[in-house]
Amino acid sequence: MSRSIRALCLLTLALLAPHLIRAEESAISEGWKSAQPGWSYEFPRDHGPHRFFKTEWWYATGNLADEQGHEYGFQLTFFRQGIRPGEKPANASRFRVMDLPFAHFAFTDVSGKTFRYYQCSSRGAFGEAGFGTPAGSGGSGGRMAWLEGWLMEQLPDGSFHLKSQGKTETGVERSIDLVLVPDRPPLVHGHDGISPKSSVPGHASHYYSLTRVRASGSVTIDGKVHKVGGLVWFDHEWATNSLEAGEAGWDWSGLHLSNGDDLMLFRIRNAEGKTVFLSGTLRDAQGVVTNLHDLEMTPQGTWKSPHTGGLYPSGMEVSIPSRNLTLTLTPKIRDQELVLAPFAYWEGAVRGEGKSGNHPVTAEGYLELTGYGGKVIGVNGK
């Protein structure tokens, strides 16, 4: 989903005041492009940056387990927030900034019942941060996004490499080092090359996912390395004007179902908490893709953040009548809130239980909840 509250990106759009939306729309007249129908996706080209769009992010979430059966979850997101449209001129000073790179890394130790999160940003003037287009399978691979020691790249064999570490004064507190092998081709969301974010034309993004990616590698917890494996969901999305005035946040989830289905769903809410737009995509085990039009997402219960005072749903009921599918999503641990300026959001590992037809089904994945986290500094004039 238009997951821009993965920070300054559409994060800034998710909780936006109307004047911020007007500024975003006016960006179109300043050389920025909007997401329009007819985009033809090409890979590896579209794994790389799209510098004529103001907001872009590369996002991976995963549920992992080590050889002892201990469970872990992670989120790694790289953001590109455009400052000037287009490529940097060849003769420009290295200090000329075309975009702002920053990243979020969060790690859930499910078995240990702990959650940690980290943020990193850089001007990238000396190559310590940036974005690139990989050469792809049969080529030399290449970096897609990097920021100091945090990395997302495609390897020459077509697999991907993720690396990130959260440090404290005493050393590396949490880290991941994973190789990802996609089991399925890229899945494009929406229709005609765009993923609508409103029933009103003109509010959309370009959005695809690698939905079922096998991960192997290691995680580090307080200096101790654990070999792990599991499944990862990867998103890449870019836009300039996706949300409308009055929209206060969204709920998004990417799920791996035990019957082999992959499910992406999101709802956008207004300031009163009412659903103003719903969308979803389901790819079944045979590879058949369905754009969902009868999706329901119903928050269940309440969790009050001890950090921000925000009132978040403590679970989510999902219903898709056309697929005869129901799921109840429950956080693997309750407190998975990232408190990062200028606002906070909940992004965490979840498990699901329900039915597909007359058969029981389970799910694992991630749930993102934005616009609930109490006071928001720097947005809406607060």
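A short reminder: the numbers here are calculations on the coordinates, not readings from a lab. Please read these numbers as outputs of a predicted model, since none were measured by experiment. Positions of Cβ are generated from backbone atoms using ideal geometry, with glycine treated the same way; all protein chains shown enter the neighbour counts.
Between Leu311 and Thr114, what FRET efficiency follows from the Cβ-Cβ distance if R0 is 30 Å, with the result rounded to 0.05? Show your work: numbers first, answer last.
Values: r = 23 Å, r/R0 = 0.76.
So, using R0 = 30 Å, E works out to roughly 0.85.
Can you pull the Rg over Rh of the chain, Cα-only, Kirkwood?
On the Cα set of the chain, Rg over Rh gives 0.93.
With θ set to phi - 60° and the Karplus curve 6.51 cos²θ - 1.76 cosθ + 1.60, what are the ³J(HN,Hα) couplings of region 318-334 in order, to the nearest whole Hz, using x for Gly and Pro?
Per-residue couplings from phi come out as 10, 9, 10, x, 5, 9, 6, 10, 10, 9, 10, 9, 10, x, 5, 9, 6 Hz.
Would you work out which of Ser279, Phe126, Leu255 lies farthest towards the positive end of the dipole of the chain, given +1 charges on the beta-carbon of Lys and Arg and -1 on that of Asp and Glu, about the Cα centre?
Phe126
Can you work out the Karplus-derived ³J(HN,Hα) for every residue in region 207-216? Use 6.51 cos²θ - 1.76 cosθ + 1.60 with θ = phi - 60°, whole Hz, and x for glycine or proline.
Ordered by residue, 3J(HN,Hα) equals 8, 9, 9, 9, 7, 10, 10, 7, 10, 9 Hz.
Just rank Thr55, Thr275, fewest to most, by other beta-carbon atoms within 10 angstrom.
Thr275, Thr55
Using the Kirkwood formula over every pair of different C-alpha atoms, what hydrodynamic radius in Å results for region 141-268?
16.9
At 222 nm, what helix-only mean residue ellipticity would the chain give, in deg cm²/dmol to the nearest 500, using -39500 (n - 2.57) for each DSSP H run of four or more?
When only DSSP H runs of four or more count, the value is -1000 deg cm²/dmol.
Most exposed first by the Cβ proxy, i.e. fewest other Cβ within 10 Å, how do Ile268, Ile320 rank? Mind dumping the intermediate values first?
On the way: Ile268 26, Ile320 20.
With the sparsest Cβ surroundings first, the list reads Ile320, Ile268.
When the dipole is taken about the Cα centre of region 226-322, and only Lys, Arg (+1) and Asp, Glu (-1) are charged at their Cβ, what size is it in debye, to the nearest 20?
On the way: 6 positive and 12 negative charges, 68 e Å.
Dipole of region 226-322, to the nearest 20 debye: 320 debye.
Output the relative contact order of the chain, whole-number percent, from Cα pairs under 8 angstrom with separation of 6+ residues. Before the final figure, lay out the partial values.
Details: 1041 pairs, mean separation 58.9, N = 382.
The value is 15 percent.
Using r as the Cβ-Cβ distance of Ser121 and Ser322, and R0 as 56 Å, what FRET efficiency do you calculate, to the nearest 0.05?
Values: r = 43 Å, r/R0 = 0.76.
Approximately 0.85, to the nearest 0.05.
Note down the magnitude of the dipole of the chain about its Cα centre, charges +1 on Lys and Arg C-beta and -1 on Asp and Glu C-beta and zero elsewhere, to the nearest 20 debye.
Roughly 660 debye, rounded to the nearest 20.
Mean projection of the alpha-carbon convex hull of region 65-199 over all orientations, in nm²?
Taking the Cα atoms of region 65-199, their convex hull projects to 12.5 nm² on average.
Using θ = phi - 60° and the Karplus form 6.51 cos²θ - 1.76 cosθ + 1.60, what ³J(HN,Hα) does each residue of region 257-262 get, whole Hz, x for Gly and Pro?
For region 257-262, the Karplus curve yields 9, 5, 8, x, 6, 10 Hz.
Can you spot the lysines whose alpha carbon is less than 23 Å from Lys355's alpha carbon? Ignore those fewer than 8 places along the same chain.
Lys355 reaches Lys332.
With a/c under 1.5 counting as rounded, go ahead and sort region 71-127 into rounded, prolate or oblate using the C-alpha gyration tensor (a ≥ b ≥ c being the square roots of the eigenvalues; past the cut-off, prolate if a/b is larger than b/c, else oblate).
Working: a/c = 4.76, a/b = 3.63, b/c = 1.31.
Prolate, since a/c reaches 1.5 and a/b exceeds b/c.
Remind me, relative contact order of region 249-331 in percent, using alpha carbon pairs under 8 angstrom and six or more residues apart?
Values: 156 pairs, mean separation 14.4, N = 83.
Relative contact order, region 249-331: 17 percent.
Calculate the dipole size of region 138-285 relative to its Cα centre from +1 charges on Lys and Arg beta carbons and -1 charges on Asp and Glu beta carbons; express the result in debye to the nearest 20.
Working: 14 positive and 18 negative charges, 45 e Å.
That gives a dipole near 220 debye.
In the structure displayed, which of Lys167/Lys227; Lys54/Lys274; Lys54/Lys304; Lys54/Lys163 lie more than 31 Å apart, Cα to Cα?
Working: Lys167/Lys227 20 Å; Lys54/Lys274 28 Å; Lys54/Lys304 34 Å; Lys54/Lys163 25 Å.
Too far apart for the 31 Å limit: Lys54/Lys304.
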